[in-house]
Amino acid sequence: MPEEFAIGIHDLSVATTRYVLTHDTLAAHNGSDVAKYHKGIGQRSMSVPAADEDIVTMAAAAAAPIVARHGVDRIRTIVFATETSVDQAKAAGIHVHSLLGLPSATRVVELKQACYSGTAALQFAIGLVHRDRSQQVLVIASDVSKYELGNPGEATQGAAAVAMLVSADPALVRIEDPSGMFTADIMDFWRPNYRTTALVDGHESISAYLQAVEGAWKDYTDRGGRTLDDFTAFCYHQPFTKMAHKAHRHLLHYCGHDADEDAITRHIGHTTTYNAEVGNSYTASMYVGLAALLDNADDLTDQAIGFLSYGSGSVAEFFAGTVVPGYRSHLRSDMHRDAISGRQDIDYAKYREIHEHSFPVDGGDHPVPRETTGPYRLAGLFGHKRIYEPR
Ligand code: CAA
(Lines give C-alpha, C1' and ligand atoms only; values in the text may rest on other atoms or scores of the structure.)
Protein backbone atom coordinates (compact mmCIF):
# COMPACT_ATOMS: atom_id res chain seq x y z
CA MET A 1 0.00 0.00 0.00
CA PRO A 2 1.31 3.51 -0.79
CA GLU A 3 1.83 5.69 2.32
CA GLU A 4 -1.00 8.12 3.16
CA PHE A 5 -0.48 11.76 2.22
CA ALA A 6 -2.74 14.68 1.30
CA ILE A 7 -3.61 15.11 -2.39
CA GLY A 8 -5.65 17.88 -3.95
CA ILE A 9 -5.74 21.14 -5.85
CA HIS A 10 -2.36 22.86 -5.78
CA ASP A 11 -3.21 25.68 -8.19
CA LEU A 12 -6.42 26.88 -9.86
CA SER A 13 -6.79 29.23 -12.81
CA VAL A 14 -9.88 30.41 -14.72
CA ALA A 15 -10.08 31.87 -18.24
CA THR A 16 -13.05 32.99 -20.29
CA THR A 17 -13.83 34.66 -23.61
CA ARG A 18 -13.20 38.06 -25.17
CA TYR A 19 -16.89 38.94 -25.55
CA VAL A 20 -19.89 39.20 -23.25
CA LEU A 21 -23.62 39.44 -24.02
CA THR A 22 -25.68 40.88 -21.17
CA HIS A 23 -29.10 39.54 -20.27
CA ASP A 24 -30.37 43.13 -20.62
CA THR A 25 -29.45 42.93 -24.30
CA LEU A 26 -30.97 39.46 -24.71
CA ALA A 27 -34.20 40.51 -22.94
CA ALA A 28 -34.46 43.69 -25.03
CA HIS A 29 -34.23 41.54 -28.14
CA ASN A 30 -36.66 38.76 -27.23
CA GLY A 31 -39.13 40.77 -25.13
CA SER A 32 -38.58 38.81 -21.89
CA ASP A 33 -38.84 40.53 -18.54
CA VAL A 34 -35.16 40.83 -17.58
CA ALA A 35 -36.14 39.99 -13.97
CA LYS A 36 -36.74 36.42 -15.18
CA TYR A 37 -33.04 36.26 -16.02
CA HIS A 38 -31.62 38.32 -13.14
CA LYS A 39 -33.85 36.90 -10.39
CA GLY A 40 -35.54 33.83 -11.89
CA ILE A 41 -32.42 32.01 -13.11
CA GLY A 42 -29.81 34.24 -11.43
CA GLN A 43 -27.84 35.22 -14.54
CA ARG A 44 -26.52 38.69 -15.49
CA SER A 45 -24.48 38.00 -18.63
CA MET A 46 -22.90 35.25 -20.70
CA SER A 47 -19.38 34.83 -22.08
CA VAL A 48 -19.32 34.53 -25.88
CA PRO A 49 -16.21 33.24 -27.71
CA ALA A 50 -14.64 35.37 -30.44
CA ALA A 51 -14.21 33.78 -33.87
CA ASP A 52 -10.70 32.62 -32.99
CA GLU A 53 -11.54 31.33 -29.50
CA ASP A 54 -12.76 27.87 -28.49
CA ILE A 55 -12.28 25.26 -25.76
CA VAL A 56 -8.61 24.86 -26.67
CA THR A 57 -7.69 28.56 -26.58
CA MET A 58 -9.54 29.06 -23.28
CA ALA A 59 -7.91 25.93 -21.83
CA ALA A 60 -4.42 27.04 -22.84
CA ALA A 61 -5.09 30.53 -21.45
CA ALA A 62 -6.17 28.99 -18.12
CA ALA A 63 -3.26 26.54 -17.96
CA ALA A 64 -0.43 28.88 -19.07
CA PRO A 65 -0.13 30.74 -15.72
CA ILE A 66 0.02 27.39 -13.89
CA VAL A 67 2.83 26.16 -16.11
CA ALA A 68 4.61 29.52 -15.71
CA ARG A 69 4.45 29.26 -11.91
CA HIS A 70 5.27 25.56 -11.42
CA GLY A 71 7.20 24.56 -14.52
CA VAL A 72 6.56 21.43 -16.60
CA ASP A 73 9.01 18.94 -15.08
CA ARG A 74 6.56 17.14 -12.77
CA ILE A 75 3.51 17.24 -15.07
CA ARG A 76 3.23 13.70 -16.49
CA THR A 77 -0.46 13.76 -17.45
CA ILE A 78 -3.04 16.18 -18.87
CA VAL A 79 -6.68 15.19 -18.46
CA PHE A 80 -8.98 17.40 -20.53
CA ALA A 81 -12.69 17.31 -19.65
CA THR A 82 -15.24 18.73 -22.07
CA GLU A 83 -18.74 18.35 -23.46
CA THR A 84 -17.93 20.53 -26.48
CA SER A 85 -15.08 18.58 -27.99
CA VAL A 86 -13.56 19.89 -31.24
CA ASP A 87 -12.65 16.47 -32.66
CA GLN A 88 -14.11 12.98 -32.44
CA ALA A 89 -10.71 11.30 -32.23
CA LYS A 90 -7.91 13.63 -31.13
CA ALA A 91 -7.83 14.84 -27.52
CA ALA A 92 -8.11 18.64 -27.31
CA GLY A 93 -5.45 18.50 -24.60
CA ILE A 94 -2.82 17.64 -27.23
CA HIS A 95 -3.27 21.12 -28.76
CA VAL A 96 -2.81 22.59 -25.27
CA HIS A 97 0.23 20.37 -24.66
CA SER A 98 1.75 21.75 -27.87
CA LEU A 99 0.85 25.43 -27.26
CA LEU A 100 2.35 25.27 -23.75
CA GLY A 101 5.48 23.39 -24.79
CA LEU A 102 5.07 20.43 -22.46
CA PRO A 103 7.57 17.56 -22.76
CA SER A 104 6.80 14.63 -25.07
CA ALA A 105 6.96 12.31 -22.04
CA THR A 106 3.39 13.25 -21.11
CA ARG A 107 0.11 11.29 -21.15
CA VAL A 108 -2.82 13.28 -22.66
CA VAL A 109 -6.45 12.15 -22.74
CA GLU A 110 -9.96 13.62 -23.05
CA LEU A 111 -12.95 12.70 -20.87
CA LYS A 112 -16.67 13.08 -21.51
CA GLN A 113 -19.81 12.79 -19.39
CA ALA A 114 -21.67 16.07 -19.92
CA CYS A 115 -20.86 18.55 -17.12
CA TYR A 116 -19.56 15.86 -14.74
CA SER A 117 -16.29 14.87 -16.42
CA GLY A 118 -14.19 17.62 -14.79
CA THR A 119 -14.75 15.78 -11.52
CA ALA A 120 -13.89 12.42 -13.08
CA ALA A 121 -10.67 14.07 -14.30
CA LEU A 122 -9.91 15.34 -10.80
CA GLN A 123 -10.48 11.89 -9.26
CA PHE A 124 -8.37 10.15 -11.91
CA ALA A 125 -5.62 12.69 -11.25
CA ILE A 126 -5.77 11.95 -7.52
CA GLY A 127 -5.39 8.24 -8.30
CA LEU A 128 -2.27 8.90 -10.40
CA VAL A 129 -0.67 11.09 -7.71
CA HIS A 130 -1.54 8.47 -5.10
CA ARG A 131 0.53 5.97 -7.09
CA ASP A 132 3.49 8.35 -7.41
CA ARG A 133 3.53 11.46 -5.25
CA SER A 134 6.32 13.09 -7.25
CA GLN A 135 3.98 13.49 -10.25
CA GLN A 136 1.57 16.34 -10.91
CA VAL A 137 -1.49 16.16 -13.16
CA LEU A 138 -2.86 19.09 -15.14
CA VAL A 139 -6.65 18.82 -15.08
CA ILE A 140 -8.45 21.08 -17.54
CA ALA A 141 -12.20 21.57 -17.88
CA SER A 142 -13.29 23.76 -20.79
CA ASP A 143 -16.65 24.25 -22.48
CA VAL A 144 -18.77 26.53 -24.63
CA SER A 145 -22.45 26.08 -23.82
CA LYS A 146 -24.71 26.49 -26.84
CA TYR A 147 -28.46 26.06 -27.34
CA GLU A 148 -30.60 26.96 -30.33
CA LEU A 149 -31.59 30.61 -30.63
CA GLY A 150 -34.93 31.10 -28.85
CA ASN A 151 -34.61 27.87 -26.82
CA PRO A 152 -35.27 28.42 -23.08
CA GLY A 153 -31.72 27.23 -22.49
CA GLU A 154 -30.32 30.12 -24.56
CA ALA A 155 -30.28 32.39 -21.52
CA THR A 156 -28.07 29.92 -19.65
CA GLN A 157 -25.29 29.79 -22.29
CA GLY A 158 -21.73 30.72 -21.36
CA ALA A 159 -18.11 29.70 -21.75
CA ALA A 160 -15.05 29.25 -19.54
CA ALA A 161 -12.10 27.03 -18.80
CA VAL A 162 -10.58 26.00 -15.50
CA ALA A 163 -7.10 24.55 -15.14
CA MET A 164 -6.10 22.80 -11.92
CA LEU A 165 -2.76 21.39 -10.93
CA VAL A 166 -3.34 18.26 -8.84
CA SER A 167 -0.48 17.24 -6.57
CA ALA A 168 0.59 15.84 -3.23
CA ASP A 169 0.71 18.39 -0.38
CA PRO A 170 -1.59 20.81 -2.25
CA ALA A 171 -1.48 24.54 -1.55
CA LEU A 172 -5.23 25.20 -1.95
CA VAL A 173 -7.67 22.35 -1.22
CA ARG A 174 -7.11 18.78 0.04
CA ILE A 175 -9.61 16.39 -1.53
CA GLU A 176 -10.99 13.72 0.81
CA ASP A 177 -12.43 10.24 0.64
CA PRO A 178 -15.16 9.05 0.43
CA SER A 179 -17.08 10.13 -2.64
CA GLY A 180 -20.81 9.54 -3.03
CA MET A 181 -21.86 8.42 -6.52
CA PHE A 182 -25.11 8.38 -8.46
CA THR A 183 -25.85 7.28 -12.03
CA ALA A 184 -29.22 7.10 -13.80
CA ASP A 185 -29.96 6.53 -17.50
CA ILE A 186 -32.03 9.61 -18.36
CA MET A 187 -32.31 11.89 -21.41
CA ASP A 188 -32.50 15.27 -19.68
CA PHE A 189 -29.79 17.01 -21.74
CA TRP A 190 -27.79 15.52 -24.60
CA ARG A 191 -26.11 16.39 -27.90
CA PRO A 192 -26.05 13.87 -30.77
CA ASN A 193 -22.82 13.87 -32.80
CA TYR A 194 -24.49 15.69 -35.70
CA ARG A 195 -25.56 18.71 -33.64
CA THR A 196 -23.67 21.79 -32.47
CA THR A 197 -26.41 22.80 -30.04
CA ALA A 198 -27.58 20.82 -27.04
CA LEU A 199 -31.04 19.27 -26.72
CA VAL A 200 -32.67 19.59 -23.34
CA ASP A 201 -35.86 18.84 -21.47
CA GLY A 202 -35.40 21.84 -19.17
CA HIS A 203 -37.80 21.10 -16.32
CA GLU A 204 -37.04 17.37 -16.45
CA SER A 205 -33.35 18.23 -16.18
CA ILE A 206 -33.95 20.19 -12.97
CA SER A 207 -35.79 17.22 -11.40
CA ALA A 208 -33.04 14.87 -12.60
CA TYR A 209 -30.39 17.10 -10.99
CA LEU A 210 -32.27 17.18 -7.66
CA GLN A 211 -32.72 13.39 -7.74
CA ALA A 212 -28.99 13.05 -8.32
CA VAL A 213 -28.18 15.35 -5.37
CA GLU A 214 -30.17 13.03 -3.12
CA GLY A 215 -28.60 9.88 -4.54
CA ALA A 216 -25.01 11.12 -4.36
CA TRP A 217 -25.48 12.48 -0.83
CA LYS A 218 -27.05 9.21 0.35
CA ASP A 219 -24.13 7.20 -1.00
CA TYR A 220 -21.69 9.70 0.54
CA THR A 221 -23.20 9.33 4.02
CA ASP A 222 -23.60 5.53 3.64
CA ARG A 223 -19.84 5.42 3.10
CA GLY A 224 -19.10 7.34 6.29
CA GLY A 225 -18.83 10.87 4.91
CA ARG A 226 -19.14 14.03 6.98
CA THR A 227 -22.45 15.38 8.27
CA LEU A 228 -24.04 18.44 6.70
CA ASP A 229 -23.14 20.63 9.70
CA ASP A 230 -19.42 20.00 9.10
CA PHE A 231 -19.44 22.09 5.93
CA THR A 232 -18.81 25.84 5.76
CA ALA A 233 -19.66 26.13 2.05
CA PHE A 234 -21.00 24.05 -0.83
CA CYS A 235 -19.94 24.23 -4.48
CA TYR A 236 -22.60 22.95 -6.88
CA HIS A 237 -22.54 22.52 -10.62
CA GLN A 238 -24.22 25.72 -11.84
CA PRO A 239 -26.04 25.49 -15.18
CA PHE A 240 -27.57 28.75 -13.93
CA THR A 241 -26.89 30.07 -10.46
CA LYS A 242 -30.45 29.62 -9.16
CA MET A 243 -29.95 25.89 -9.75
CA ALA A 244 -27.39 25.89 -6.94
CA HIS A 245 -30.02 27.48 -4.66
CA LYS A 246 -32.58 24.84 -5.68
CA ALA A 247 -30.08 22.03 -5.14
CA HIS A 248 -28.94 23.26 -1.74
CA ARG A 249 -32.52 23.85 -0.58
CA HIS A 250 -33.30 20.29 -1.66
CA LEU A 251 -30.30 18.87 0.22
CA LEU A 252 -31.16 20.81 3.40
CA HIS A 253 -34.76 19.55 3.28
CA TYR A 254 -33.62 16.00 2.56
CA CYS A 255 -31.40 16.15 5.67
CA GLY A 256 -34.25 17.52 7.78
CA HIS A 257 -32.76 21.02 8.10
CA ASP A 258 -34.53 24.38 7.78
CA ALA A 259 -33.82 25.81 4.35
CA ASP A 260 -34.15 29.53 4.98
CA GLU A 261 -32.70 31.84 2.34
CA ASP A 262 -30.09 33.24 4.75
CA ALA A 263 -28.63 29.77 5.36
CA ILE A 264 -28.57 29.05 1.63
CA THR A 265 -26.88 32.35 0.82
CA ARG A 266 -24.34 31.81 3.61
CA HIS A 267 -23.46 28.37 2.25
CA ILE A 268 -23.34 29.06 -1.48
CA GLY A 269 -23.48 32.85 -2.02
CA HIS A 270 -19.83 33.41 -2.90
CA THR A 271 -19.74 30.41 -5.26
CA THR A 272 -22.27 31.98 -7.64
CA THR A 273 -20.64 35.36 -8.27
CA TYR A 274 -18.49 34.44 -11.28
CA ASN A 275 -21.00 32.00 -12.79
CA ALA A 276 -23.73 34.69 -12.79
CA GLU A 277 -21.51 36.70 -15.17
CA VAL A 278 -19.93 33.88 -17.22
CA GLY A 279 -22.94 31.57 -17.69
CA ASN A 280 -22.87 27.80 -17.94
CA SER A 281 -19.40 26.43 -18.61
CA TYR A 282 -20.51 22.79 -18.24
CA THR A 283 -17.42 20.83 -16.99
CA ALA A 284 -15.77 23.99 -15.64
CA SER A 285 -18.79 25.43 -13.87
CA MET A 286 -18.38 23.89 -10.40
CA TYR A 287 -14.68 24.78 -10.35
CA VAL A 288 -15.43 28.35 -11.47
CA GLY A 289 -17.67 28.32 -8.36
CA LEU A 290 -14.72 27.12 -6.25
CA ALA A 291 -12.50 29.89 -7.64
CA ALA A 292 -15.16 32.48 -6.78
CA LEU A 293 -15.48 31.08 -3.26
CA LEU A 294 -11.74 31.04 -2.54
CA ASP A 295 -11.24 34.48 -4.13
CA ASN A 296 -14.09 36.25 -2.36
CA ALA A 297 -14.96 34.58 0.97
CA ASP A 298 -13.43 35.50 4.31
CA ASP A 299 -10.65 33.23 5.52
CA LEU A 300 -11.60 29.58 4.88
CA THR A 301 -8.48 27.99 6.40
CA ASP A 302 -9.20 24.42 7.58
CA GLN A 303 -12.87 24.74 6.60
CA ALA A 304 -14.65 21.89 4.81
CA ILE A 305 -16.27 22.51 1.43
CA GLY A 306 -18.87 20.15 -0.03
CA PHE A 307 -18.81 19.59 -3.81
CA LEU A 308 -21.75 18.37 -5.85
CA SER A 309 -20.84 17.65 -9.45
CA TYR A 310 -23.69 16.85 -11.86
CA GLY A 311 -23.60 15.83 -15.50
CA SER A 312 -26.83 15.19 -17.36
CA GLY A 313 -27.50 11.78 -18.64
CA SER A 314 -26.76 11.43 -15.67
CA VAL A 315 -23.84 11.05 -13.25
CA ALA A 316 -23.34 12.89 -9.98
CA GLU A 317 -20.70 12.83 -7.27
CA PHE A 318 -20.59 14.41 -3.82
CA PHE A 319 -17.20 14.80 -2.17
CA ALA A 320 -15.47 16.99 0.38
CA GLY A 321 -12.37 19.16 0.41
CA THR A 322 -10.54 21.04 3.16
CA VAL A 323 -8.95 24.42 2.59
CA VAL A 324 -5.21 24.45 3.28
CA PRO A 325 -3.54 27.01 5.63
CA GLY A 326 -1.80 29.74 3.61
CA TYR A 327 -4.03 29.18 0.56
CA ARG A 328 -4.68 32.87 0.05
CA SER A 329 -1.16 33.64 -1.08
CA HIS A 330 -1.58 31.16 -3.98
CA LEU A 331 -4.85 32.54 -5.40
CA ARG A 332 -5.25 34.31 -8.74
CA SER A 333 -8.15 36.51 -7.63
CA ASP A 334 -7.17 39.67 -9.55
CA MET A 335 -6.57 37.70 -12.74
CA HIS A 336 -10.02 36.08 -12.43
CA ARG A 337 -11.81 39.37 -11.75
CA ASP A 338 -9.97 41.05 -14.65
CA ALA A 339 -10.86 38.19 -17.02
CA ILE A 340 -14.55 38.72 -16.26
CA SER A 341 -14.65 42.51 -16.02
CA GLY A 342 -12.36 42.96 -19.04
CA ARG A 343 -14.71 41.26 -21.53
CA GLN A 344 -16.05 43.43 -24.35
CA ASP A 345 -19.80 43.98 -24.43
CA ILE A 346 -21.39 42.96 -27.77
CA ASP A 347 -24.78 43.76 -29.26
CA TYR A 348 -27.37 41.20 -30.27
CA ALA A 349 -26.38 41.29 -33.97
CA LYS A 350 -22.75 40.39 -33.19
CA TYR A 351 -23.86 37.63 -30.80
CA ARG A 352 -26.15 36.21 -33.48
CA GLU A 353 -23.41 36.29 -36.10
CA ILE A 354 -21.12 34.31 -33.76
CA HIS A 355 -23.91 31.91 -32.80
CA GLU A 356 -24.73 31.12 -36.44
CA HIS A 357 -21.14 30.73 -37.61
CA SER A 358 -19.95 27.30 -38.71
CA PHE A 359 -16.94 26.24 -40.75
CA PRO A 360 -17.46 24.92 -44.29
CA VAL A 361 -16.84 21.16 -44.35
CA ASP A 362 -15.15 21.15 -47.79
CA GLY A 363 -11.59 20.60 -46.57
CA GLY A 364 -10.50 23.99 -47.93
CA ASP A 365 -8.46 26.67 -46.20
CA HIS A 366 -10.57 28.75 -43.83
CA PRO A 367 -8.52 31.27 -41.85
CA VAL A 368 -10.23 32.98 -38.92
CA PRO A 369 -10.11 36.76 -38.32
CA ARG A 370 -7.94 38.00 -35.46
CA GLU A 371 -10.27 38.91 -32.60
CA THR A 372 -9.15 37.36 -29.32
CA THR A 373 -7.21 39.34 -26.73
CA GLY A 374 -6.13 36.08 -25.08
CA PRO A 375 -2.66 34.53 -25.37
CA TYR A 376 -3.62 31.81 -27.90
CA ARG A 377 -5.86 31.71 -30.96
CA LEU A 378 -7.42 29.39 -33.49
CA ALA A 379 -5.73 30.36 -36.77
CA GLY A 380 -8.33 28.50 -38.82
CA LEU A 381 -9.39 25.23 -40.35
CA PHE A 382 -6.99 24.11 -43.09
CA GLY A 383 -7.55 20.82 -44.89
CA HIS A 384 -9.93 19.71 -42.09
CA LYS A 385 -7.22 20.46 -39.48
CA ARG A 386 -7.69 22.99 -36.69
CA ILE A 387 -4.51 25.04 -36.40
CA TYR A 388 -3.72 26.94 -33.20
CA GLU A 389 -1.05 29.56 -32.58
CA PRO A 390 0.12 32.03 -29.93
CA ARG A 391 -1.56 35.39 -30.59
N1 CAA B 1 -39.41 37.76 -12.55
C2 CAA B 1 -38.78 36.94 -11.66
N3 CAA B 1 -38.73 35.59 -11.83
C4 CAA B 1 -39.31 35.05 -12.92
C5 CAA B 1 -39.98 35.86 -13.88
C6 CAA B 1 -40.01 37.26 -13.66
N7 CAA B 1 -40.60 38.08 -14.52
N8 CAA B 1 -40.43 35.05 -14.84
C9 CAA B 1 -40.10 33.78 -14.52
N10 CAA B 1 -39.41 33.80 -13.34
C11 CAA B 1 -38.83 32.66 -12.63
C12 CAA B 1 -39.71 31.43 -12.63
O13 CAA B 1 -40.64 31.46 -11.56
C14 CAA B 1 -38.67 30.33 -12.47
O15 CAA B 1 -38.25 30.25 -11.14
P16 CAA B 1 -38.49 28.89 -10.29
O17 CAA B 1 -37.79 27.80 -11.07
O18 CAA B 1 -37.81 29.19 -8.99
O19 CAA B 1 -39.95 28.70 -10.22
C20 CAA B 1 -37.48 30.86 -13.27
O21 CAA B 1 -37.69 32.27 -13.39
C22 CAA B 1 -37.39 30.28 -14.66
O23 CAA B 1 -38.63 30.43 -15.29
P24 CAA B 1 -39.23 29.27 -16.19
O25 CAA B 1 -39.13 27.97 -15.49
O26 CAA B 1 -40.57 29.70 -16.67
O27 CAA B 1 -38.18 29.36 -17.38
P28 CAA B 1 -38.06 28.53 -18.69
O29 CAA B 1 -39.01 27.39 -18.72
O30 CAA B 1 -38.09 29.49 -19.81
O31 CAA B 1 -36.58 27.96 -18.62
C32 CAA B 1 -34.93 26.48 -17.76
C33 CAA B 1 -35.85 27.64 -17.45
C34 CAA B 1 -35.74 25.20 -17.85
C35 CAA B 1 -33.91 26.34 -16.64
C36 CAA B 1 -34.19 26.75 -19.09
O37 CAA B 1 -33.34 27.85 -18.97
C38 CAA B 1 -33.39 25.58 -19.61
O39 CAA B 1 -33.90 24.69 -20.29
N40 CAA B 1 -32.07 25.56 -19.31
C41 CAA B 1 -31.15 24.54 -19.79
C42 CAA B 1 -31.22 23.27 -18.97
C43 CAA B 1 -30.63 23.44 -17.60
O44 CAA B 1 -29.84 24.32 -17.33
N45 CAA B 1 -31.01 22.52 -16.69
C46 CAA B 1 -30.46 22.48 -15.35
C47 CAA B 1 -30.29 21.08 -14.85
S48 CAA B 1 -29.37 20.09 -16.03
C49 CAA B 1 -27.72 20.44 -15.72
O50 CAA B 1 -27.38 20.98 -14.71
C51 CAA B 1 -26.72 20.06 -16.77
C52 CAA B 1 -26.37 21.28 -17.57
O53 CAA B 1 -25.43 21.98 -17.27
C54 CAA B 1 -27.19 21.60 -18.73
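Screening ARG107 with (1) open to solvent by 50 Å² or more (accessible area, probe 1.4 Å); (2) charged (D, E, K, R); (3) closer than 28 Å to ALA292 by Cα gives one miss only, at (3). If you check SER13 against the conditions, is it open to solvent by 40 Å² or more (accessible area, probe 1.4 Å), among the polar types (S, T, N, Q), away from the ligand (no atom under 16 Å from the Cβ) and not in a helix (DSSP H, G or I)? Judged against the criteria, SER13 is not a match. Out of everything in the range 239-258 that is away from the ligand (no atom under 13 Å from the Cβ) and open to solvent by 10 Å² or more (accessible area, probe 1.4 Å), what residue ends up being modelled with the lowest pLDDT? Here the answer is ASP258.
Can you find even one residue in the range 109-126 that is over 24 Å from CYS235 (Cα atoms) and either away from the ligand (no atom under 16 Å from the Cβ) or assigned to a loop (DSSP other than H, G, I, E, B) (or both)? Looking for residues that are over 24 Å from CYS235 (Cα atoms) and either away from the ligand (no atom under 16 Å from the Cβ) or assigned to a loop (DSSP other than H, G, I, E, B) (or both), one finds at least one in the range 109-126, hence yes.
Restricting attention to the range 263-282, the residues that are more than 13 Å from the ligand (Cβ to nearest atom), in contact with a Gly (Cβ under 8 Å, 6 or more places away or on another chain) and part of a loop (DSSP other than H, G, I, E, B) add up to 1. Wholly within the range 286-387, which strands (runs of 3 or more DSSP E) include no fewer than the required count, namely at least 1 residues that are more than 23 Å from VAL173 (Cβ to Cβ)? Strands (runs of 3 or more DSSP E) meeting the threshold: 365-367, 376-382. Screening GLY326, GLY363, GLY374 for residues that are over 30 Å from PHE189 (Cα atoms), touching a His at 6+ places or on another chain (Cβ under 6 Å) and of a type outside the set (A, V, I, L, M, F, W, C) leaves exactly one candidate, GLY363.
Mind checking whether some residue in the range 209-231 is away from the ligand (no atom under 15 Å from the Cβ), open to solvent by less than 50 Å² (accessible area, probe 1.4 Å) and among the acidic types (Asp, Glu)? Yes, some residue in the range 209-231 is away from the ligand (no atom under 15 Å from the Cβ), open to solvent by less than 50 Å² (accessible area, probe 1.4 Å) and among the acidic types (Asp, Glu).
Which residues, taken from the range 156-184, are of a type in the set (A, V, I, L, M), surrounded by 16 or more Cβ atoms within 10 Å (Cβ to Cβ) and within 16 Å of the ligand (Cβ to nearest atom)? Within the range 156-184, ALA159, ALA160, ALA161, VAL162 meet the criteria. Note on the range 185-202: residues that are farther than 16 Å from VAL144 by Cα, surrounded by 15 or more Cβ atoms within 10 Å (Cβ to Cβ) and near the ligand (Cβ under 7 Å from one of its atoms) amount to 1.
Taken over the range 337-369, the residue count meeting the criterion of being over 26 Å from the mean Cα position of the chain (by Cα) and closer than 30 Å to THR273 by Cα is 1. Pairing residues of the range 294-315 that are over 21 Å from PHE240 (Cβ atoms) with residues that are surrounded by fewer than 18 Cβ atoms within 10 Å (Cβ to Cβ) and among the charged types (D, E, K, R), at Cβ distances under 6 Å and at least 6 apart in sequence or on separate chains, gives ALA304/ASP230.
For the range 148-155, the count of residues that are within 16 Å of the ligand (Cβ to nearest atom) and assigned to a strand (DSSP E or B) is zero.
The values are calculated or read from the model by the stated rules, or taken from the named source; none is laboratory data. Owing to the predicted nature of the structure, the values given are computational and were not obtained by experimental measurement. All Cβ positions, glycine included, derive from the backbone under ideal geometry; neighbour counts span all protein chains shown. Just the protein is used for accessible areas: all its heavy atoms, side chains included, with ligands, DNA and RNA removed. Shrake-Rupley method; radii C 1.70, N 1.55, O 1.52, S 1.80 Å.
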